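Presented below is the structure to which this report refers.
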Amino acid sequence: MYESFTAGNREILFLEKSESTNSDMKKRIYEEKAPLFAVISAREQSGGRGRLGRSFFSPGGGLYFSVSVPLTGKENNIPFMTLLAGLCVSEAIYELTGVRTQIKWPNDIYFGNKKLGGILCELVTGGCVTAVVGIGINLTLKKEDIPTELINIMTSFCAEGLSVPDEKMLIKSITERLDKYIYEYKELYEVREETITAIRRLSYSIGKNVKYKLGDTVYEGLITNIMKTGAAQMTLPDGTVKEIFCGEITQ
Ligand code: BTN
């Protein structure tokens, strides 16, 4: 660890390197036995994890951090929390740099047609129910350091020639927004119209023709909405409307 301090009600730890900040946070939550308010951040991860059991490429030059959000137990809707986290990331980036990013359902942060960051929300149950909101953002990774197989899929602030946000300010802005949005969700137990409207406005997926694979079946259709439940609404060519909660959509 190279730095730690307290901001608001959160203990913030900065590590040079971690295997996965989500895994570190989960260990801390199990050890703690009381509601834990913390952020664990690293500049590099050796075993970064993504959705659907995939690995998340996490070389130096990125910001990788996990926020623990104790829950009351009834609002454990991980798909919606993932979208809320995407909203926080997009808003914070815009506030600090003026750069407009989008949310590709359910968990990717896009700049143009490439992935600038990703979100992995996990639920820890046991004594205290806690969401671990893991966020990875590619900051100073150079274009030439992006592996060939990822060059058409991922990007970074530097690779796009964008001004790079300050790491600590980014963590602060994202975490404060998360607290605000999740508080509304926890206490009011409803999704405000303004919040879902903001998520829809930032959606990369609405209006795109996509493929969705469920078991052996592949559906093709248009993403027509993002729902308050966190689901993506897909309209098939015959007019059937499906709501998708899990898995992946591809173009
Ligand atoms: C994805 O692209 O599927 C989600 C990527 C989430 C990556 C972040 S980086 C911080 C935290 N620690 C991890 O191991 N994963 C998340």
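Readers should treat all values here as calculations from the given coordinates under stated rules, not as data from a laboratory. Being a predicted model, the structure only gives us computed values, none of them experimental. Cβ atoms come from the backbone with ideal geometry, glycine included; neighbour counts cover every protein chain shown.
Some notes on this structure:
- Sorted by Cβ density within 10 Å, fewest first, the residues D145, D238: D238, D145
- Share of alpha-carbon pairs per 5 Å distance bin for region 1-67, given as whole %: 4, 18, 26, 25, 16, 9, 2
- Magnitude of the charge dipole, the chain, Cβ model with Lys/Arg +1 and Asp/Glu -1, debye to 20: 260
- Between region 10-56 and region 91-111, the Cα center-to-center distance that results, in Å: 22
- Taking the DSSP bridge list for the chain and keeping only pairs wholly inside it, about 85 percent are antiparallel.
- Residue-averaged [θ]222 nm for the chain, counting only DSSP H segments that reach four residues, each worth -39500 (n - 2.57): -8500 deg cm²/dmol
- Given R0 = 35 Å, the distance between the Cβ atoms of T6 and V99 translates into a calculated FRET efficiency of 0.75.
- Packing-based exposure ordering (other Cβ within 10 Å, fewest first) of I78, I109: I78, I109
- Unsatisfied cross-links (Cα-Cα over 20 Å) in the set K115/K142; K115/K172; K27/K228; K33/K172; K115/K186: K115/K172; K27/K228; K33/K172; K115/K186
- For region 130-228, trypsin sites (Lys or Arg not before Pro) are listed when DSSP marks them as loop and at most 12 other Cβ atoms sit within 10 Å of their Cβ; the list is K142.
- Electrostatic tally near K33: other residues with Cβ closer than 15 Å to its Cβ, Lys and Arg +1, Asp and Glu -1, net +1.
- Selected from Q233, Q45, Q102 as most flexible by GNM, with the chain as the system and alpha-carbon contacts under 10 Å: Q233
- Net charge of neighbours whose Cβ lies under 13 Å from the Cβ of T140, counting Lys and Arg as +1 and Asp and Glu as -1: -3
- Relative contact order (%) - region 11-153, alpha-carbon pairs under 8 angstrom, separation at least six: 25
- Sparse packing (at most 14 other Cβ atoms within 10 Å of the Cβ) combined with a DSSP loop state is found for the following GluC sites (Glu not before Pro) in region 1-56: E16, E19.
- The orientation-averaged projection of the convex hull spanning the C-alpha atoms of region 1-157 amounts to 9.3 square nanometres.
- When you restrict to C-alpha pairs under 8 Å that are six or more residues apart and normalise by the size of the chain, the relative contact order lands at 16 percent.
- Coil-residue chymotrypsin sites (Phe, Trp or Tyr not before Pro) of region 1-96, DSSP, other Cβ within 10 Å capped at 10: Y2
- Kyte-Doolittle at least -1.0, axis length at least 27 Å by Cα - qualifying DSSP helices, the chain: 78-97, 167-188
- Size check on region 106-231: the Cα extents along the three principal axes, sorted descending, read 46, 43, 32 Å.
- Length gained on full extension, K142 to Y219: 24.1 nm, using 0.36 nm per residue less the C-alpha separation.
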